[in-house]
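A.B. asks: Quick one: this structure, given as structure tokens, is what I'll be asking you about.
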Amino acid sequence: MTFAALVVAAGRGLRAGGDGPKQYQPLGNQTVLGRTLRAMLAHDSCAAVLPVIHPDDHDLYTTATQDLDDPRVLPPANGGPTRQSSVRAGLAALRPHNPPVVLVHDAARPFVTLPVIDRVLAAIRPGTAAFPALPIVDALWRAKGQTVTDPHPRDGLWRAQTPQGFRFDEIRAAHAKADPEAADDIAVARAAGMDAQVVLGDGNNFKITVAEDFLRAEQLLR
């Protein structure tokens, strides 16, 4: 089954430091966003990729993708003030293409692998979304300030990643009535009554968030 990828790149990403939003910063000989787009395009079932960018970033986007010559890359959509509004705008831009399945992916996760995408696609069913995650293996503790209060069980807890996958019509309908402050698209889907299935993610599919993450990313490239 073919899919369209919605790559959310409308955030500011200032915690990562550097000059400008992290998705447009260099990572090896490409930008972070360029690597992420190529990672999605590498899948044989990818029919289209639609980036969602900040309205002020069109020049940055053009520069970051000038050497990406692939007709499957659609013109970028303008995002909104929240992730939910940005995804909703991206889904509206995808509507003329009407893909059976859409994968929503963070622009700052450039190391997503084909097996992770395969596992997400295999788990999507009518009424059921899917997303990759890693089980939490560290001990968890609650604290007030710097003072530990009590342990928290880690059984059944997962660290969510992207891409998060959905039947296109179902997630578009869910976003039409979603809470603007929803944590992610799985939260939007579940609020609309959908089920969600977790599949195994990948430790290298991390989200570049702070400056140290760029160092880790550069090490992966080497």
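A.B. asks: Return the only residue of Ala187, Ala143, Ala196, Ala174 being farther than 18 Å from Leu6 by Cα, without any contact (Cβ under 8 Å) to a residue 40 or more places away in the chain and among the small types (Gly, Ala, Ser).
C.D. replies: That would be Ala143, the only listed residue that is farther than 18 Å from Leu6 by Cα, without any contact (Cβ under 8 Å) to a residue 40 or more places away in the chain and among the small types (Gly, Ala, Ser).
A.B. asks: When you look at Ala89, is it within 22 Å of the chain's Cα centre (by Cα) and in a helix (DSSP H, G or I), yes or no? Even if it seems obvious, please write down each step before you answer.
C.D. replies: Numbers: within 22 Å of the chain's Cα centre (by Cα): yes; in a helix (DSSP H, G or I): yes.
When the stated conditions are applied, Ala89 passes them.
A.B. asks: Would you mention how many residues in region 1-57 are more than 21 Å from Ala92 (Cβ to Cβ), touching a His at 6+ places or on another chain (Cβ under 9 Å) and at pLDDT 95 or above?
C.D. replies: 2
A.B. asks: Considering region 204-222 alone, what residues qualify as being at pLDDT 95 or above and within 15 Å of the chain's Cα centre (by Cα)?
C.D. replies: Correct list: Asn204, Asn205, Phe206, Lys207, Ile208.
A.B. asks: Could you grab me the full set of residues in region 166-191 that are under 20 Å from Asn98 (Cα atoms) and not in a helix (DSSP H, G or I)?
C.D. replies: Phe166, Arg167, Lys177
A.B. asks: Exactly one condition in (1) touching a strand residue (DSSP E or B) at 6+ places or on another chain (Cβ under 6 Å); (2) in contact (Cβ under 8 Å) with a residue 60 or more places away in the chain; (3) under 23 Å from Ala39 (Cβ atoms) is false for Thr128; which is it?
C.D. replies: Tallying (1) touching a strand residue (DSSP E or B) at 6+ places or on another chain (Cβ under 6 Å); (2) in contact (Cβ under 8 Å) with a residue 60 or more places away in the chain; (3) under 23 Å from Ala39 (Cβ atoms), Thr128 fails exactly one: (3).
A.B. asks: Among the residues of region 65-74, is any out of contact with any helix residue (DSSP H, G or I) (no Cβ under 7 Å at 6 or more places or on another chain), more than 19 Å from Ala182 (Cα to Cα), in a helix (DSSP H, G or I) and modelled with pLDDT of 95 or more?
C.D. replies: The answer is no; no qualifying residue exists.
A.B. asks: Among Val199, Val148, which is the only one that is of a type in the set (A, V, I, L, M), part of a strand (DSSP E or B), touching a strand residue (DSSP E or B) at 6+ places or on another chain (Cβ under 6 Å) and within 30 Å of His97 (Cβ to Cβ)?
C.D. replies: On the way: Val148 fails: within 30 Å of His97 (Cβ to Cβ).
Criteria check complete, one pass: Val199.
The values are calculated or read from the model by the stated rules, or taken from the named source; none is laboratory data. Quantities reported herein were computed from a predicted structural model and do not represent experimental measurements. Here Cβ is always computed from backbone atoms with ideal geometry, including for glycine, and neighbour counts include all displayed protein chains.
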